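Below: the structure, in structure tokens.
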Amino acid sequence: MLTELEKYTEESAEKAAKILKNGGIVAIPTETVYGLAANALDENAVRSIFVAKGRPQDNPLIVHISNFEMMKPLVTDIPELAKRLAEQFWAGPLTMIFDKTEVVPEETSGGLSTVAVRMPANEAAREIIEKCGFPLAAPSANTSGKPSPTKAEHVFEDMNGKIPLIIDDGECSVGVESTVICFRNGKIHILRPGGITREMLAEFAEVEVDKAVEAAPKADEKVLSPGMKYKHYSPKADVFIVNAHGDDFKKFCQDNGGEKTIFLSCGEREGCMDYGETSEIQAHRLFALLRHADEIGAEKVYVEIPSKYGVGLAVYNRLLRAAAFRIIETS
Ligand code: AMP
Ligand code: MG
């Protein structure tokens with residue numbers, strides 16, 4: 001199959017909607033990462049997403065809507081708290097989990113009785129959903145296990161020959177996937193951290209962070225968010241988090257350098273690649289740098305530990321998985 005890469009325009013959005021209406025899949029931009037979209041209510045279309053990504057069948061998809069009304073047929077009940085969060089954070093990188101109705105096929109929900117819903121802020125994404133008139137299931141448009149795509153070129157690397165069309169809207173502004181939450185006993189339970197932070201959510205209700213966010217789930221342990229149990233976001237190189245800053249990180253780099261080794265530092269540092277001084281910049285650059293590591297044939301990637309505050313928690317969560325939970329202590 002020939003894969004076309006087209007800039008976002010009224011015309012290309014129209015073309016994307018036409019493919020989606022015919023049960024096909026299209027890669028679309030969102031503010032978090034590029035998504036591999038299909039009609040969320042058509043089980044055959046959704047199945048082809050799993051095939052193109054090589055994604056495990058029990059890992060449910062997020063359903064993307066372009067207006068609040070679109071959600072009503074999908075869910076049995078919308079708690080007051082969810083309405084308040086939607087008012088504040090939609091359109092934006094917040095995904096909320098609700099009990100689903102029969103309208104949502106099992107393929108989309110990964111066999112669960114719940115469905116994850118989000119309204120993306122990216123104009124191209126919303127325009128395409130609006131033109132379709134149905135919600136789109138859209139997991140990250142990467143091959144399962146690889147770093148998520150934050151540029152259309154990344155999608156092309158993974159999906160060339162597998163899908164007919166990629167809509168290019170430049171770099172994703174946030175750069176990491178959405179915050180996923182569910183509601184438990186009136187509290188907000190964070191299953192996956194993202195652009196809408198724990199601190200922002202705490203203005204609305206008590207917030208708990210799922211233990212799978214910062215730790216490896218034990219074998220056979222039941223996880224609330226199936227995506228948390230898989231190795232994820234990783235380049236071919238071995239990634240390690242280094243728990244050191246400043247002079248300690250500098251010394252670590254001096255002691256561990258090698259031809260096929262790269263270092264990612266929080267800010268500019270000699271001999272390192274800068275993945276950003278702030279958590280926002282780190283989120284924006286992380287996946288592109290992990291892909292870059294593959295392009296230049298790196299075998300080892302050592303990453304200075306990020307802050308866990310704000311969006312930093314999302315950066316840390318993705319890095320932990322990319323590093324298969326390996327953290328090096330230097331003292
Ligand atoms: P992705 O589509 O790659 O951004 O991944 C979606 C994430 O949302 C995965 O970690 C899923 O496990 C999680 N997710 C989607 N639907 C549900 C659900 N109904 N319950 C819990 N987690 C969900
Ligand atoms: Mg993904």
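The values are calculated or read from the model by the stated rules, or taken from the named source; none is laboratory data. Owing to the predicted nature of the structure, the values given are computational and were not obtained by experimental measurement. Backbone-built Cβ (ideal geometry, glycine too); neighbour counts: all protein chains shown.
Please verify whether Val174 is closer than 25 Å to Tyr8 by Cα, assigned to a loop (DSSP other than H, G, I, E, B) and in contact (Cβ under 8 Å) with a residue 24 or more places away in the chain, treating the condition exactly as stated.
Considered against the rule, which asks whether it is closer than 25 Å to Tyr8 by Cα, assigned to a loop (DSSP other than H, G, I, E, B) and in contact (Cβ under 8 Å) with a residue 24 or more places away in the chain, Val174 comes out as yes.
Being within 19 Å of the chain's Cα centre (by Cα), aromatic (Phe, Trp, Tyr), within 16 Å of ligand 2 (Cβ to nearest atom) and crowded, with 19+ Cβ neighbours inside 10 Å: is that true of Tyr233 here?
Yes: the conditions hold for Tyr233.
Among (1) in contact with a strand residue (DSSP E or B) (Cβ under 9 Å, 6 or more places away or on another chain); (2) modelled with pLDDT of 95 or more, which single condition is Thr278 missing?
(1)
Looking only at the stretch 288-301, how many residues end up being crowded, with 21+ Cβ neighbours inside 10 Å and either farther than 26 Å from Asp255 by Cα or without any contact (Cβ under 8 Å) to a residue 60 or more places away in the chain (or both)?
1
So if I check each of Val223, Val311, Val213, Val239, which one is of a type in the set (A, V, I, L, M, F, W, C) and closer than 17 Å to Lys146 by Cα?
Result: Val239 is the single residue among Val223, Val311, Val213, Val239 that is of a type in the set (A, V, I, L, M, F, W, C) and closer than 17 Å to Lys146 by Cα.
Looking for whichever is within 16 Å of ligand 2 (Cβ to nearest atom) and in a helix (DSSP H, G or I) here; the options are Ala86, Ala125, Ala82, Ala116. Which one fits?
From the options Ala86, Ala125, Ala82, Ala116, the qualifying one is Ala125.
Hey, among Lys251, Lys218, which residue is of a type outside the set (A, V, I, L, M, F, W, C), assigned to a helix (DSSP H, G or I), surrounded by fewer than 22 Cβ atoms within 10 Å (Cβ to Cβ) and away from ligand 1 (no atom under 16 Å from the Cβ)?
That would be Lys251, the only listed residue that is of a type outside the set (A, V, I, L, M, F, W, C), assigned to a helix (DSSP H, G or I), surrounded by fewer than 22 Cβ atoms within 10 Å (Cβ to Cβ) and away from ligand 1 (no atom under 16 Å from the Cβ).
Regarding the stretch 155-166, can at least one residue be identified that is closer than 18 Å to His64 by Cα and either buried (at least 22 other Cβ atoms within 10 Å of the Cβ) or more than 16 Å from ligand 1 (Cβ to nearest atom) (or both)?
Scanning the stretch 155-166 turns up at least one residue that is closer than 18 Å to His64 by Cα and either buried (at least 22 other Cβ atoms within 10 Å of the Cβ) or more than 16 Å from ligand 1 (Cβ to nearest atom) (or both).
Kindly list, by first and then second residue, each pair from a residue in the stretch 18-44 that is farther than 20 Å from Glu102 by Cα to a residue that is of a type in the set (D, E, K, R) and within 15 Å of ligand 2 (Cβ to nearest atom), limited to pairs with Cβ atoms under 6 Å and residues at least 6 apart or on different chains.
Listed by first residue and then by second, the contacts come to Thr32/Glu177; Val33/Glu177.
Looking only at the stretch 33-83, how many residues end up being charged (D, E, K, R) and over 22 Å from Ala16 (Cα atoms)?
The number of residues fulfilling the criteria is 7.
Got at least one residue in the stretch 56-65 being at pLDDT below 95, on the phi > 0 side of the Ramachandran plot, surrounded by fewer than 17 Cβ atoms within 10 Å (Cβ to Cβ) and within 16 Å of ligand 2 (Cβ to nearest atom)?
For the stretch 56-65, residues at pLDDT below 95, on the phi > 0 side of the Ramachandran plot, surrounded by fewer than 17 Cβ atoms within 10 Å (Cβ to Cβ) and within 16 Å of ligand 2 (Cβ to nearest atom): absent.
For the stretch 298-316, how many residues are more than 25 Å from Pro93 (Cβ to Cβ), part of a loop (DSSP other than H, G, I, E, B) and either at pLDDT below 95 or among the hydrophobic types (A, V, I, L, M, F, W, C) (or both)?
1
Limited to the stretch 56-96, what total is found for residues that are touching a residue at least 60 places away in the same chain (Cβ under 8 Å) and not aliphatic (A, V, I, L, M)?
Number of matching residues: 14.
Checking the structure you have, find out if any residue of the stretch 97-104 is in a strand (DSSP E or B), in contact (Cβ under 8 Å) with a residue 40 or more places away in the chain and of a type in the set (Phe, Trp, Tyr).
The answer is no; no qualifying residue exists.
It is to be established whether one or more residues within the stretch 50-57 are part of a helix (DSSP H, G or I), β-branched (Val, Ile, Thr), away from ligand 1 (no atom under 14 Å from the Cβ) and under 22 Å from the mean Cα position of the chain (by Cα).
Within the stretch 50-57 (the criterion being part of a helix (DSSP H, G or I), β-branched (Val, Ile, Thr), away from ligand 1 (no atom under 14 Å from the Cβ) and under 22 Å from the mean Cα position of the chain (by Cα)), the answer is yes, since at least one residue qualifies.
Identify the residue in the stretch 140-151 that is closer than 23 Å to Leu2 by Cβ and crowded, with 24+ Cβ neighbours inside 10 Å and, among all such residues, is nearest to ligand 2 (Cβ to nearest atom).
Ser140
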